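Here the structure comes first, spelled out in structure tokens, and everything after it is commentary.
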Amino acid sequence: MSALQAVKYSRGSLQVLDQLRLPHEFHYEAVTNRTEAWESIASMRVRGAPAIAIVASLGLAVELSNSSAPKESRDATIAEIDEALDYLKTSRPTAVDLTNAINQLKARIREGPESADDVVQAFVAEAEKIFEKDLQTNLSIGDHGANWLKTHAGASSSSQISVLTHCNTGSLATSGHGTALGIIRTLYSNNLLKHAFCTETRPYNQGSRLTAFELVFEGIPSTLITDSMAASLFRTRGKEENLAAVIVGADRVVRNGDTANKVGTYQLAVLARHHGIKFIVAAPTTSIDLETKTGDGIKIEERKREELTQITGAVIKPDGSVDKASKVRIATADQRINVWNPAFDVTPAELIDAIVTERGTVEKGADGTFDFSQIMPERWSLIVG
Ligand code: MRU
């Protein structure tokens, strides 16, 4: 099988892989307009910070490319696109890639285009650029991350390291290669990886459904654990496995380095620090939010109770046949039990050893915070001064 693709795009056509059906079924659905893009993101058929931004941008690009409705004027077209982008932004609140993509698209359609048609063309070309650039970004993150682990975690071909990752940050969450999983992929192809561990990632199981599937797909030696097994793994097998790093992705890294990522990330950072294991965040600069000063300013998405009290999966029937997409209730339906279901948590910068971006790896300064001014001088001077 060729490489995994969350998104298949050619001008005027967008196909999005339904990740809720993975790994049991491979089903692409067409996304033809803003509403379908919004639903695909909000229902988590597509998920992962970069992929969310890509589907929102390309979904609207497809709608605009295929629209035969006459456009009134340049300004009316800009206003219509702004409105569509503001609506798409409401699909999921925590990942900042979508906001950064929207800002980029809004700026692009204001610079240059003189007619309504030019505005549409500029929007479509910029959305395609966001999609195409993401792959190169991830390959660079892979290289920077592997180099950092050679220098700081002793990874070498004669002393391969093992790593643990959480949630899914691979091809399925991006346009290809992945961020944290991209570093693991690069380690493996450079003969620096002994073993990859991945967590189940409750409640939505992005680790067991998606990452375990991607690791096997790539032929990377790997082991799946539940979220609650990490401490035991570090204590009992850390030395024998040469487990040197936890590598995670990010939905939003704020100015001081505090990082929102899939719920369960924070507890892994605490455990890594206790066990002397490096804790690395892999984040494209599109996941960095310089406007928010600390993690306290991050809005954490809370999702519905059924995503915790029920699971979707393949049911194996007594006769051995498989029902590929069944819902199973795993907690009482009694509403008297309250359910708290935050999709993300915030890991404080003090627990993070390095933030790997496509522009290089950032470490903490003497004040214990990360300084992004070196790798993002333009955005830094616009926002921070
Ligand atoms: O709720 P999800 O599946 O969208 O959460 C995804 C994550 O938390 C990822 O780690 C993050 O978006 C980075 S993906 C490269």
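The values are calculated or read from the model by the stated rules, or taken from the named source; none is laboratory data. Nothing here was measured: the structure is a model prediction, and the numbers come from that model. Cβ atoms come from the backbone with ideal geometry, glycine included; neighbour counts cover every protein chain shown. The area values use the complete protein model at the heavy-atom level, side chains included, leaving out ligands, DNA and RNA. Shrake-Rupley method; radii C 1.70, N 1.55, O 1.52, S 1.80 Å.
Protein-only accessible surface at a 1.4 angstrom probe places the residues Trp340, Trp148 in the order Trp340, Trp148, largest first. Could you work out how far the C-alpha centroid of segment 19-34 sits from that of segment 282-336, in angstrom? When both Cα centres are located, 17 Å separates them.
What are the semi-axes of the equivalent ellipsoid of segment 47-92, taken as the square roots of 5 times the eigenvalues of the Cα gyration tensor, listed largest first and rounded to whole Å? All intermediate terms of the calculation are to be shown ahead of the outcome.
Working: eigenvalues 102, 30, 9 Å².
After diagonalising the Cα gyration tensor, the semi-axes are 23, 12, 7 Å.
Let me know the shape class of the chain, please: from the alpha-carbon gyration tensor, a ≥ b ≥ c as square roots of the eigenvalues, rounded when a/c is under 1.5, otherwise prolate if a/b is greater than b/c, or oblate. Oblate, since a/c reaches 1.5 and b/c is not below a/b. All Cα-Cα distances of segment 48-162, cut into 5 Å bins from zero to the largest, leave 2, 11, 19, 18, 14, 10, 7, 6, 5, 4, 3, 2, 0, 0 percent in each bin in turn.
Let's test the formula: R0 of 35 Å, r as the Cβ-Cβ distance of Ser157 and Lys133. What FRET efficiency results, to the nearest 0.05?
Values: r = 31 Å, r/R0 = 0.89.
My answer for the efficiency is 0.65.
In this structure, His274 and Ile337 have a Cβ-Cβ separation that, at R0 = 45 Å, corresponds to a calculated FRET efficiency of about 0.90. Counting only protein chain heavy atoms and rolling a 1.4 Å probe, the accessible areas of Arg202, Arg305 rank, largest first, as Arg202, Arg305.
For the pair Asp367 and Met229 in one chain, pulling the backbone fully straight at 0.36 nm per residue adds 46.3 nm over the alpha carbon distance. To put it simply, the accessible area of the chain at a 1.4 Å probe is 49 percent carbon and sulfur.
So what is the relative contact order of segment 71-219, in percent, for Cα pairs below 8 Å that sit 6 or more residues apart?
Numbers: 172 pairs, mean separation 28.4, N = 149.
Once normalised by length, the contact order is 19 percent.
From the P(r) of segment 238-296, could you give the percentage of C-alpha pairs in the tail past 17 Å? For segment 238-296, the share of Cα pairs beyond 17 Å comes to 42 percent. Sort segment 317-357 into rounded, prolate or oblate with this rule: let a ≥ b ≥ c be the square roots of the eigenvalues of the Cα gyration tensor; rounded if a/c is under 1.5, and if a/c is not under 1.5, prolate when a/b is larger than b/c, oblate otherwise. It is oblate, given that a/c is not under 1.5 and a/b is not larger than b/c. Residues whose amide H comes within less than 5 Å of that of His27, counting only those at least five positions distant or on another chain, are Asp18 (H built at 1.01 Å from N in the peptide plane).
For segment 245-326, the relative contact order is 30 percent, taking Cα pairs closer than 8 Å that sit 6 or more residues apart in sequence and dividing their mean separation by the residue count.
Return the loop-located chymotrypsin sites (Phe, Trp or Tyr not before Pro) in segment 1-41 (DSSP other than H, G, I, E, B) with at most 16 other Cβ atoms within 10 Å of their own Cβ; answer none if there are none. Walk me through the numbers on the way to the answer.
On the way: sites: Tyr9, Phe26, Tyr28, Trp38; in loops: Phe26.
When the chymotrypsin sites (Phe, Trp or Tyr not before Pro) of segment 1-41 are filtered for loop state and at most 16 Cβ neighbours within 10 Å, Phe26 remain.
Rolling a 1.4 Å probe across all protein chains gives Thr35 an accessible area of roughly 60 Å². Can you pull the Rg over Rh of segment 215-321, Cα-only, Kirkwood? Rg divided by Rh gives 1.05.
In this structure Val253 has an accessible area near 0 Å², from a 1.4 Å probe over the protein heavy atoms. A helix-only calculation puts the chain at -11500 deg cm²/dmol for mean residue ellipticity at 222 nm, using -39500 (n - 2.57) for each DSSP H run of at least four residues, averaged over all residues. Taking every alpha-carbon pair under 8 Å whose residues sit at least 6 apart, the chain reaches a relative contact order of 16 percent. Measuring only protein heavy atoms, the 1.4 Å probe finds Arg110 accessible over about 110 Å².
Mind giving me the FRET efficiency for Glu83 and Arg305? R0 is 25 Å, r the Cβ-Cβ distance, nearest 0.05 is fine.
Values: r = 32 Å, r/R0 = 1.28.
With R0 = 25 Å, the Cβ-Cβ based efficiency is 0.20.
The convex hull built on the alpha-carbon positions of segment 5-57 has an orientation-averaged projected area of 3.3 nm². Rolling a 1.4 Å probe over the protein heavy atoms gives segment 91-185 an accessible area of 34 Å² per residue. Calculated accessible area for segment 267-317 comes out at 50 Å² per residue, all protein chains present (probe 1.4 Å; ligands, DNA, RNA ignored). Over the chain, with a Gaussian network built from C-alpha contacts below 10 Å, which listed residue (Gly264, Gly182, Gly320) shows the highest mean-square fluctuation? Result: Gly320 has the largest fluctuation of those listed. Around Ala354, under 12 Å between beta carbons, what's the net of Lys plus Arg minus Asp minus Glu among the other residues? Result for the neighbourhood of Ala354: 0.
Across the chain, where is the longest run that never hits GluC sites (Glu not before Pro) in a DSSP loop with at most 10 other C-beta atoms within 10 Å?
Details: sites that count: Glu111, Glu114, Glu240.
Segment 241-385 is the longest.
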